[in-house]
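J.: Following this message is one structure expressed as C-alpha cells.
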Amino acid sequence: MIKIYHNPRCRKSREGLELLEKSGKEFEVIKYLEDVPTKEELRQILSCLSISPENLVRKNEAIWKEKFRGRLLSDEDILDAMIQYPKLIERPIVLNGNKAVVGRPPERIQEVL
C-alpha cells in the first residue's frame, strides 16, 4: 500500500496528495503531526530513502534553529527530536513498498508510483 506522510497545512504536501489522488492508485494518508511515526517507522522511512536522519530534518524550522542547530547530535538524537517535534520532519514523504521519496518538488512522487 502506498503511504503519504502528509501535513495538510503545507502547500507542497497538499500538491503531493493531489498528485496521488489523480494517479488513481490506492493510498493511505498519515497525518504525521497527529499520528507521529515511531522511531522504528522513521528508521524504515530513512532506509527506503537511503538518507541519514539529518537529511530528513527541516532545518529552517524555528524549533530546529532554537533547540538543535550548531549542536553535535547523533542519529538517535535527531530521531528523538523528530519524534518530539514532528514538524521537523520533511514533507511530504511517499512510500511504496521499499521505495520512498520526499515530494519536493511534488513531481518526484511519480518515481515511486
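J.: ³J(HN,Hα) across the range 98-112 via Karplus (A = 6.51, B = -1.76, C = 1.60, θ = phi - 60°), whole Hz, x for Gly/Pro?
T.: 9, 10, 8, 9, 8, x, 10, x, x, 4, 4, 4, 4, 4, 10
J.: May I ask for the angle, rounded to the nearest 10°, between helix 75-84 and the longest principal axis of the chain, with both axes built from Cα atoms and the value confined to 0 to 90°?
T.: 70 degrees
J.: Given the peptides 107-113, 42-48, 69-75, arrange them by the average over their residues of other C-beta atoms within 10 Å, most packed first. Numbers along the way, then the final one.
T.: Values: 107-113: 15.1, 42-48: 17.3, 69-75: 9.9.
Peptide ranking by packing, descending: 42-48, 107-113, 69-75.
J.: Still on this model: Going by alpha carbons, how many degrees (0 to 90, nearest 10) lie between the helix axis of 11-23 and the longest principal axis of the chain?
T.: So the helix axis and the longest Cα principal axis differ by about 30 degrees.
J.: So what is the relative contact order for the chain, in percent, with contacts set as C-alpha pairs under 8 Å and at least six apart?
T.: Numbers: 158 pairs, mean separation 40.8, N = 113.
It comes to 36 percent, rounded to a whole number.
J.: Compute the orientation-averaged projected area for the chain from the convex hull of its Cα atoms and round it to one decimal in nm². It would help to have the intermediate numbers written out before the result.
T.: Values: hull surface 26.1 nm².
Value for the chain: 6.5 nm².
J.: To the nearest 10 Å², what's residue 77's accessible area with a 1.4 Å probe?
T.: 70 Å²
J.: So how much accessible area does residue 68 have, in Å² to the nearest 10, using a 1.4 Å probe?
T.: 20 Å²
J.: Oh, and also: Let me know the charge dipole size of the chain about its Cα centre in debye, to the nearest 20, where only the beta-carbon of Lys, Arg (+1) and Asp, Glu (-1) is charged.
T.: Computed about the Cα centre, the dipole is about 440 debye.
J.: Here is a follow-up. Collect residues whose amide H, placed 1.01 Å from N in the peptide plane, falls under 5 Å from the amide H of residue 103; neighbours closer than 5 in sequence don't count.
T.: Counting only residues 5 or more places away or on other chains, the set is 93, 94.
J.: Can you tell me the 0 to 90 degree angle between the C-alpha axis of helix 39-49 and the longest principal axis of the chain, rounded to 10?
T.: Between the helix axis and the principal axis of the chain, the angle is about 60 degrees.
J.: Efficiency by 1/(1 + (r/R0)^6): what FRET value for residue 22 and residue 59, r their Cβ-Cβ distance, R0 = 35 Å, to the nearest 0.05?
T.: It comes out at approximately 0.70.
The values are calculated or read from the model by the stated rules, or taken from the named source; none is laboratory data. Note that the coordinates shown come from a computational prediction; the quantities given were computed from them, not determined experimentally. We place every Cβ from the backbone using ideal geometry, glycine too, and count neighbours over all the protein chains shown. Only protein heavy atoms, including side chains, enter the accessible area calculation; ligands, DNA and RNA are left aside. Shrake-Rupley method; radii C 1.70, N 1.55, O 1.52, S 1.80 Å.
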